[in-house]
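Some notes on the structure that comes next.
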Amino acid sequence: MAHAPRGDSVSVGLLFNLVGRTVSMLAGGIVSILLARHFQAELFGQWAVASVYAALVGTVVDGGLARLLIRDAARDPAQAGLYLGRVLKGRVLLGSFFIPLALVVAAVQIGSWSAWIVVLLLVLARFVTDLLGTFSSALFAFDRFRIANLVETLRRVGLVGATTIVVLLDLGIQWAAFATLLLSGTGAHWILREARQVLTLKFDGQVRDVARDAFWFWASGIFFWINAEIDQLMLSEIQGDRATGIYAAAVRLVGLFYVIPRAVNDTVVRRFFRSAKDGIGLNRQLNTTTILLTSLGALIGAMTYLYGQATIELVYGASFTESGRVFSLYGVFIAIYFTRSAPSWYLTSADRVRQGAIYMATACVANIAINLYAIPKAGPLGAAWSTLSSEGLLAALFIGTALHLNGRKLGYSILLGAIPALVALLFSLVLPTSWPWWLRAALASIAGLGIIAAQVMALRRGWNPLGVLDDAAPRPPRDPVLDP
């Protein structure tokens, strides 16, 4: 194996992830806005459904192997090449079966040749992107974030350029999907070269050796997808493409904020897995990560809830006014999702993957059941209420279990994380309503971000409020029933 240069530190790695994913987030948001404004709600609804199919195929083909790769490479870096080869073999095997199956199902369900072409192109693009992302996951296990984030940034910026051309030339939406496929392999040479510096790829490992562990990671991913995306498919079937487009416009804008927990996850999840193995620092990792994510999520959620309607009209125009109420309601979702993210990683790293999958399955059943009632009654807003309800159930399950294992320090961490949002809400209430909404939102956000910055600096200097940084609690035991 080639000599592996030193990786990035935690703070440097998080900075690279945040910057890279922020640029990618903005680029992805611009693509969605361009497509929605140009093609309007009905055609944009078709694009949203095709994106959902692509996400489903990507989740199924992943088979839980990506998270397994991160776990095993973090715990045993010397064997990372073997683990990577095993994951690549598994993904190709699953893709050769599930991609054709998914395309046949889409052809039967969609019933539109032009819409099916979009599905085909986006599904293939997702498969290629995820294969390349497997190498990025291996690099994250070695704290190598630069190249992977640079490649993802270039791909997203390229998509903005391609989408702009499609819009200016008034081409069909299929050309935007074709550009997505064409750019899916961007930077493959750089990532492969970077991977060769830290590992030697081996294909002699057997996928069946890790089938059991991978299954529960895979099940969690499938249930996560259902909980996040089933609303759009059900809306499409029950109320048609326009309602899906209205809903998808709000969801795509909310998706811009997912960059934060994903960047944090890429940076800290390896340390979660290692801490769970050696029993050192896992509870401290949970509490500090919870403070950070709760602070950011609660602040973003509060501003989204207060100013969501005005934001939607500014971004998409008057034709998407109906999306405003959906977007505002999703502000509450953002706060809950960010808060429960670290506890869910905590259980996964503590070898309670099956337990997490059962929780996800429970939320999925609730989501589907509520959608069947809420979508016919309230359309896109009903779908938003369904997603919010299932996310609240997930948060109760994950946070409740983590509180049982970790103790009340997790509760203190959540309370500390809520402070910036409370400050921002107070600012919003006292500022004159005669001022422009964007000025009030900016000032309130600055106040909240100032509190977050002060918290981060204090934590880095050893601040230990209410003892949340103490790691006296033992690591969570492996559950003999749920994870034998």
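The values are calculated or read from the model by the stated rules, or taken from the named source; none is laboratory data. Keep in mind the model is a prediction, meaning the values are calculated, not measured. We place every Cβ from the backbone using ideal geometry, glycine too, and count neighbours over all the protein chains shown. Quick note on the areas: whole protein, heavy atoms, side chains included, nothing else; ligands and nucleic acids left out. Shrake-Rupley method; radii C 1.70, N 1.55, O 1.52, S 1.80 Å.
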Mean residue ellipticity (222 nm) of the chain, computed from DSSP H runs ≥ 4 via -39,500 (n - 2.57), nearest 500:
-28500 deg cm²/dmol
Computed over the stretch 283-395: relative contact order in percent, which uses C-alpha pairs under 8 Å that are six or more apart:
28
Where does each of 371-383, 157-169 land if you order them by average Cβ count within 10 Å, highest first?
371-383, 157-169
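Can you list, largest first and rounded to whole Å, the semi-axes you get for the stretch 210-253 by taking the square root of 5 times each eigenvalue of its Cα gyration tensor?
30, 11, 5
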Could you tell me which of T294, L69, A374 has its Cα farthest along the dipole of the chain towards the positive end, charges placed at Cβ (Lys, Arg +1; Asp, Glu -1), taken about the Cα centre?
L69
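I'd like to know how the stretch 287-416 sits against the 2.2 N^0.38 Å rule of thumb: what's its Cα Rg over that expected value?
Values: Rg = 16.2 Å, N = 130, 2.2 N^0.38 = 14.0 Å.
Dividing the Cα radius of gyration by 2.2 N^0.38 Å gives 1.16.
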When only alpha-carbon atoms count, how far does the stretch 331-484 stretch along each of its three principal axes, as whole angstroms with the largest first?
60, 53, 17
Within a Cβ distance under 15 Å of G417, other residues only, what is the Lys/Arg minus Asp/Glu net charge?
+3
Computed curve, the stretch 138-232, Cα-only Debye sum without solvent term, log₁₀ I(q)/I(0) at 0.13 Å⁻¹, is -0.78
Share of the stretch 234-380's accessible area from carbon and sulfur, percent, 1.4 Å?
60
Size-normalised alpha-carbon gyration radius of the stretch 225-373, reference 2.2 N^0.38 Å
1.18
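I'd like to check one number: the per residue accessible area of the chain, probe 1.4 Å, reported in Å² as a whole number. Each step should come with its number before you reach the end.
On the way: 20160 Å² over 484 residues.
Value returned for the chain: 42 Å² of accessible area per residue.
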Using only the Cα atoms of the chain, what semi-axes does the equivalent ellipsoid have when each is the square root of 5 times a gyration tensor eigenvalue? Give whole Å, largest first.
32, 30, 22
Regarding the stretch 417-473, what are the three Cα extents along the principal axes, ordered largest first, in Å?
51, 17, 12
